[in-house]
Structures are given as C-alpha cells and as structure tokens.
Amino acid sequence: MNMDELKQVINNFSFDRCKQGNQGFNRILIQLFGMLGHGKSSFINTCMYVWEDGEYLNWAKADEEYNGHFGGLTLERIPHKLTENIMLVDNRGLAVMDGYETGEIFAQLGNLLPLGKEVEWNHEFKLVEKTVQSEKLIKYSDFIVPVFVHSVKETFTAEKISDLKKVFHTARGLTGVYPIVVLTHRTFGNLTSVESTFKDMGIERIFSFENYTQEDHFKTRCRHEEVLKFLQEVIKDAQFRVEHQTRDPVIEMQERKQFVIKYVHEQEKRMTQIKLEKAKALEQAKKIKELKRQEEAIKQERERRRQAQEEEMRRTREHFEKQKLAEEIKRSEEIQSHAKPGRRKISDLFHIRRNNK
Ligand SMILES: Nc1nc2c(ncn2[C@@H]2O[C@H](COP(=O)(O)OP(=O)(O)OP(=O)(O)O)[C@@H](O)[C@H]2O)c(=O)[nH]1
Ligand SMILES: [Mg+2]
C-alpha cells in the first residue's frame, strides 16, 4: 500500500464497517502511557505532523528544552483528534512502576476515567471515588488501544522487566489488546536488544521511531510511512477485536471497574504491608545500631579502666622501687659509717651529683 492508500484506510476507518456492525463502539482511543520523558508527547506531535502534512507544531506540548528533569512535563490526559473516529491520547509520565501509578493507568486503560483531566496518582479511596464520579462523563463507545512508549536510550533492570510484564498482562486483560510498543530515540541506543527484550515480554507489535521534534522535523518518506503503518496496525487490531467477538461495552465496563477496584485495593494492601515491613526493618536496624553503640561504649569503658589499673600498678611499682633503693642506700651508709668513721655518706655523694647536674 502506498502512502495515499494508507491515509485513505485510516481516514475511512469506522467501526460501522465492521462485519458484525459497531457493537456499540464508535471511536478508537490510542492511549499512550510510559515513563517520564520517553517521548509520548513527541510521538503525538509526530503522528499529527504526518497526518496534517503541514508545518511542524508542538500540538502535545512536548518538552522543547528537555534536560533530564524528573518532574514530568505532561500532567493531563489530553486527547488529540486525528480523524472523526481516531483520537490520540497523551498522558502523564510514570516516575516508577509503583502501585498507585499503575492503578491510575489501569483505570484509564479500562476507560473508567474521563479524558482531558489532570492525572493524579491517587490512593485507593480517591481513585475509586474518581471512577464513581466519572461514570456519567465516560463514553462507553470508546475503544481503547494501549500504546507503551519507551526510549531506546533507557536500559532495563530485571525488576523493571518483571513489573512491565505484569503491567502489559493486566493492560491486555482490561482492553482485550496486548499493548503495542513504540520505541523512540531509535538511533540513540541498542535497538535490536531493546526490541528483543520487549518480544521476550510477550509484545507482538513493536514500532521504532526517531520522532519528529522541534529541532529535527525534516520530512522523510520513511518516517512518514512508518507512522501511517503504525496507525493502520492500530486500526487492524481494533477491527479484529470487534469482528471476532460478541461485545457488550456496558457489561465490559462493569467488569473492568470491578477488576480495577479489586486491583487498587490489593495493591493498597500490598503497599501498606511493604510500608509496615520497611518501618519494622528500620526499627530493627535502629535497635541493632543502639546495641552496637552500647557494646562499643562498654568496651571503651573496660579499656579505660584497664589502662587506669595498669597506670596505678606502674606507679605503685615505681614507688616501691624508690623506697627499696632508699632503704638500700641507707643500709649501706650505715655499714660504711660503722666500718670507716669520718668517710662521706653515699647519700651525700648523691646530693652532690644532683646539684652538679
Ligand atoms: N532525538 C529524539 N528526541 C526525542 C525523541 N522523542 C522525544 N524526544 C525529545 O525528548 C524530550 C522529551 O520528550 P517528550 O515528548 O516531552 O516526552 P514525554 O514522554 O511526553 O515526557 P513527559 O510528558 O514529561 O512524561 C523532548 O526534548 C523531545 O524533543 C526521539 O525519538 N528522538
Ligand atoms: Mg508529555
């Protein structure tokens, strides 16, 4: 398919054309999610740039002077209209794959939260309250396709791989679609290795891009084509799900809600448990430190006493030796004075020597 044909397929997409009809769906929401600063907003800009094929604009407010900050630039879940039936949805970046944050992401992927709102990483109670309040604002007719955006620059730890696997598995359970992975900064890392890591996690569709950015938006056929192919793949997935299953968006929504509420509750319990264990471990470490400090103080006191005793003994010994010497001198003087009267006493001689010094 050439680019014009691809564009036509995307533009003409409608659930109404599915074999069993729309089954209650009318829009695809391409829901992006991923870690902070990995290029989610830039990917939306890239898609819009290719689609509009005009000037490059910062539609999704990607960070233009990104310098590795960790605050996160996008804080809202903002939709961008691609066609009448396809929306691209930007999202707040995750700082960690933490329980509270994934709870919010799952509520989004489960289409339990409305679009265009600020994303807060809420704890259980607030999140459940938010989903209840959102009920009237949600369009049951939205079909969510999860897209995980990841920069090739970033390497993985075993812990992160394990966390991601769980997140992808749950995302599939919630949306019926295994997340599509979009790799950004394609030429800035080991693309082959990152791709194979995602394949090992069970991801079937991986697309890699060098996003069009404010600094580099020189149009290339290859980049344009790749973006259109990505959009075509998203459509195929959504179509497949609606054509090969009997769906009921209202019942599905209820099931997803139950799942997310259970998930956040269990996650909350797990987090509380972890916090308690951490507090306990901290308390234990403090006690051990205090015991060690006390032991050290006792050891130092013992050493101080031993040295004091030694010093005392040394002084006593010196004192006795002096006494002994004085007695010996006295005795020999007495002997001498008995033997040769008129001779000088030894103690006098000592006295003379001392004065001469
Ligand atoms: N070279 C290059 N730079 C990119 C690419 N994708 C994003 N960037 C740059 O990376 C920085 C962060 O991109 P954003 O699109 O703001 O990332 P984000 O995921 O939306 O970030 P948050 O909203 O903060 O979570 C920006 O300076 C982009 O210009 C890419 O594929 N290649
Ligand atoms: Mg952003």
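Quick note: the coordinates plus some simple rules give every number you see, no bench work behind them. Quick caveat: nothing in here was measured; it's all calculated off a predicted structure. A quick note on method: Cβ atoms are made from the backbone with ideal geometry, for glycine too, and the neighbour counts reach across all protein chains shown.
Overview of values
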{"read-out": "Cα gyration tensor category, rounded, prolate or oblate, for the range 3-247 with a/c compared to 1.5", "value": "rounded"}
{"read-out": "Local electrostatic count, Phe240, Cβ distance below 15 Å [Lys/Arg +1, Asp/Glu -1]", "value": "+3"}
{"read-out": "Whole-Hz couplings from phi, Karplus 6.51/-1.76/1.60, listed for the range 277-283; x for Gly and Pro", "value": "4, 5, 4, 4, 4, 5, 4"}
{"read-out": "Other-chain or far-sequence residues with amide H under 5 Å of Leu94's (modelled H)", "value": "Gly34, Met35, Leu36"}
{"read-out": "Aspartates and glutamates with Cα under 13 Å of Lys7, excluding same-chain neighbours fewer than 8 positions away", "value": "Glu52, Asp53, Glu225, Glu226, Glu233"}
{"read-out": "³J(HN,Hα), Karplus 6.51/-1.76/1.60, whole Hz, each residue of the range 130-147, x for Gly, Pro", "value": "5, 5, 5, 5, 7, 3, 6, 8, 8, 9, 5, 7, 7, 9, 9, 10, x, 10"}
{"read-out": "Gyration tensor (Cα) of the range 204-340, equivalent ellipsoid semi-axes in angstrom", "value": "96, 28, 9"}
{"read-out": "Tilt relative to the chain, helix 346-356 - C-alpha long axis, 0 to 90 degrees, to 10", "value": "60"}
{"read-out": "Sequence-distant residues sharing a close amide H with Phe207 (under 5 Å, placed H)", "value": "Val181, Val182, Leu183"}
{"read-out": "Least to most buried among Cys222, Cys47, Cys18 (fewest other Cβ within 10 Å first)", "value": "Cys222, Cys18, Cys47"}
{"read-out": "Residue order, fewest to most surrounding Cβ atoms within 10 angstrom, among Asp90, Asp163, Asp16, Asp237", "value": "Asp16, Asp163, Asp237, Asp90"}
{"read-out": "Calculated FRET value between Lys322 and Lys299, using beta carbons and R₀ = 30 Å, to 0.05", "value": "0.30"}
{"read-out": "Over the chain: helical MRE at 222 nm, DSSP H runs n ≥ 4 each giving -39500 (n - 2.57), nearest 500", "value": "-19500 deg cm²/dmol"}
{"read-out": "Residues Trp51, Trp59, sorted so that the one with the fewest Cβ neighbours within 10 Å comes first", "value": "Trp59, Trp51"}
{"read-out": "Listed residues Glu55, Glu301, Glu327, most fluctuating in the chain (Gaussian network, C-alpha, under 10 Å)", "value": "Glu327"}
